[in-house]
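The values are calculated or read from the model by the stated rules, or taken from the named source; none is laboratory data. Just so we're clear, the structure is a prediction, and the values are computed from it rather than from any experiment. We place every Cβ from the backbone using ideal geometry, glycine too, and count neighbours over all the protein chains shown. What goes into the accessible areas is simple: the full protein's heavy atoms, side chains included, and nothing from ligands, DNA or RNA. Shrake-Rupley method; radii C 1.70, N 1.55, O 1.52, S 1.80 Å.
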Amino acid sequence: MSQLSRMLPALVAFLPTTSDAQTGNVTYERLLGDEAEPENWLTYSGGYFSHRYSRLDQIQASNVARLRVEWVHQVETMQVLETNPIVADGIMYITEPPSDVVALDLRTGRPFWSYRHKLATSVDKICCGPDNRGVALLDGRVYVGTIDARLVALDARSGSVLWDAEVANPESGYSITSAPLAIKDKIVTGIAGGEYGIRGFLDAYDAKTGKRAWRFYTIPAPGEPGNETWGNDSWRTGGSPTWVTGAFDPGLNLVYWGTGNPAPDWNGDLRPGDNLYSDSVVALDADSGELRWHFQFTPHDTHDWDACQTPILVDADWEGQRRRLMLWANRNGFYYVLDRETGEFLRAREFSKQTWAEGLDEHGRPIVLSGSDPTEEGTLVFPSCCATANWWPSSYSPRTGLYYAAAVDGGAIYYKGEDEYNEGDQYLGSTPVARDEVRNDWVGAIRALDSFTGEQKWEFPIEPSAVGLLSTAGGLVFGGTRSGYVFALDDTTGEELWHFYAGRTVHASPITYLSDGRQRVAVAVGSGIFTFVLSE
């Protein structure tokens, strides 16, 4: 008998029984009441309002220095993970590149089961690596989008496939890198591929059958409002992907999702007009997918400033009136406050270095400075397409009223070139270049902003890094750096209280949860999941 065969009974013995936990039985009611069970982390952003805030407070400013590594789960790849762990009922669910799922024991990090996705085709038409940012849970099932543009439902107890739905054709440049969002009886998923001249969309699928319930195209067809914003019939290949997980307001029954860049990225001459609904947030009816409103952050984007960030939803007093608000640190360098019921622009403020706009008008439309578009000779513009606030999530703390963002001040030299669309090939219109003399001046920081004015309250300098943040009732903000540090800051002052050198890039978002009654923090570092607990 092999060593592995001898180990199998022990592995099976670790699997929870229904008497221990209703494994993966995360109902819609539980998702609605996520605040009642802070011991778990049930969705990509910790809840439908996407605060990335936890009410757990065992780990505090007074004891965070005692954090130590509890266990590490290593992945058999050199790919830097972007997965956001999901925790429910004693199990952690993570994704591994390119499109695999593993269920881990919270106590040990030992795998219960794994799903290895067999790619439908050789996948080489992806923008930025075979990334996957996580799963969704609903009613005993685990849902994952795949790099070959499929949506798969797995049994939460065994990892066996229950259904596998084709979302789009990967040969045309479509892929899925974001975590799905479970809403009512549907699974909502975005699509990637903006650098391949796709026509972007957002989909919802029946959670039980895998049948598509609705599709919203982020580029209007002829005869639909907004199609006139795509000159030269460019709507067919206009990009506008939906590659980062959105948010949901159950009271308004609205799904909020950010959209990506128009294509080709850096040559706007080929697509005259505002190019709706690229670089926007769209508010859709959760049942039908119908558009209720939109707000476009960057009309006619020629710098690849996707609005693919996760919206943060807050209910608060605004100028003497209770309002449903949306907070958004955008990749174009501005921080926005919108009314999420109507889409009304309320306020914006520059939060990261930008040189392309004089400011915004009363409706939130940018007042673009001349000479900021890409040219054949090259134009230096801040921010770079890879800087400011890209896809990595921000956090909002109701304890402090502050919005925490990992920001990068950095410019690039943007070039414009000719391009011709060929299905399945990149469709860019040249490329920006962040030369060493430009990149050496890049500045990174964790910035705490007044949620309603955008005024900076403090900043903690770090090297330019793509990392999501977590804030907690213990008065802490957790994050990481490109060089491999995981850290905790005081949420009111930005003072560093703890750090740990994990040795590889942190390119993901921390979460926190309880196991055996004790609070843990977990984050993907390099190709592993690191978990931390207070030493006794």
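For TYR501, project a label point 7 Å along Cα to C-beta. Then give me every residue of region 57-72 with its amide nitrogen under 16 Å of that point. Flagged as within label range: 69.
Across LYS208, LYS184, the residue with the most accessible area heads the list, and the full order at a 1.4 Å probe is LYS208, LYS184.
Leaving out ligands, DNA and RNA, what percent of the accessible area of the chain is carbon and sulfur, probe 1.4 Å? Looking at the chain in its full context, I get 47 percent from C and S.
Only protein heavy atoms count here; on that basis, with a 1.4 Å probe, SER45 has an accessible area of about 10 Å². This structure gives Kirkwood radius over Cα pairs in Å, computed directly, and of (1) 23.2; (2) 27.8; (3) 24.5 that value is listed as (1). The mean sequence separation of alpha-carbon pairs under 8 Å and at least six residues apart, normalised by the residue count of the chain, gives a relative contact order of 15 percent.
Take VAL486, VAL80 and sort them by solvent-accessible surface of the protein heavy atoms, 1.4 Å probe, largest at the top.
On the way: VAL486 5, VAL80 35 Å².
Highest to lowest solvent-accessible surface, that is VAL80, VAL486.
Which of rounded, prolate, oblate describes region 202-347, given a ≥ b ≥ c as roots of the alpha-carbon gyration tensor eigenvalues and a/c under 1.5 marking rounded, otherwise prolate only if a/b is larger than b/c? Walk me through the numbers before you get to the answer.
Values: a/c = 1.95, a/b = 1.22, b/c = 1.60.
Because a/c hits 1.5 or more and a/b fails to exceed b/c, region 202-347 counts as oblate.
Per-residue ellipticity at 222 nm computed for the chain from its helices equals -1000 deg cm²/dmol, with DSSP H segments shorter than 4 residues left out and the rest contributing -39,500 (n - 2.57). Gap in Å between the Cα centre of region 427-469 and the Cα centre of region 320-386? Each part reduced to its Cα centre gives a spacing of 15 Å.
Across the protein chains, with a 1.4 Å probe defining accessible surface, the residues GLU29, GLU76, GLU171 rank GLU76, GLU29, GLU171 from largest area downward. Distance between the 7 Å Cα→Cβ label points at ASP57 and ASP516: 2.6 nm.
Below 8 Å, C-alpha to C-alpha, sequence gap of six or more: please give me the relative contact order for region 389-536 in percent.
Details: 330 pairs, mean separation 25.9, N = 148.
About 18 percent, as a whole number.
Electrostatic tally near LEU119: other residues with Cβ closer than 13 Å to its Cβ, Lys and Arg +1, Asp and Glu -1, net -2.
Length gain on complete extension for the stretch ASP441 to ARG116, per 0.36 nm per residue less the alpha carbon to alpha carbon distance?
Details: separation 325, 0.36 × 325 = 117.00 nm, distance 4.19 nm.
Full-extension gain reported as 112.8 nm.
ASP269 sits with roughly 100 Å² accessible to a 1.4 Å probe, with DNA, RNA and ligands left out of the calculation. The residue among TYR403, VAL506, THR108 whose Cα reaches farthest toward the positive pole of the charge dipole of the chain, with charges on the beta-carbon of Lys, Arg, Asp and Glu, is THR108. Cysteines of the chain lacking any other cysteine Cβ under 4.7 Å from their own Cβ: CYS308, CYS385, CYS386. Note on ARG347/THR492: beta-carbon distance plugged into 1/(1 + (r/R0)^6) with R0 of 25 Å gives a FRET efficiency of 0.65.
With K and R counted +1 and D and E -1, the other residues having a Cβ less than 12 Å from that of GLU319 yield a net charge of +1. Available extension along the chain between CYS128 and TRP318 is 64.5 nm, counting 0.36 nm per residue and deducting the alpha carbon span. Put a dot 7 Å past the Cα of GLU290, heading toward its Cβ, do the same for ASP233, and the two dots end up 3.1 nm apart.
The residues of region 162-273 expose, per residue, 29 Å² of accessible area to a 1.4 Å probe.
Could you tell me which of the pairs LYS125/LYS211; LYS125/LYS184; LYS125/LYS208; LYS353/LYS416; LYS125/LYS416; LYS118/LYS208 are separated by over 24 angstrom between their Cα atoms in the structure shown? Those over the limit are LYS125/LYS211; LYS125/LYS184; LYS125/LYS208.
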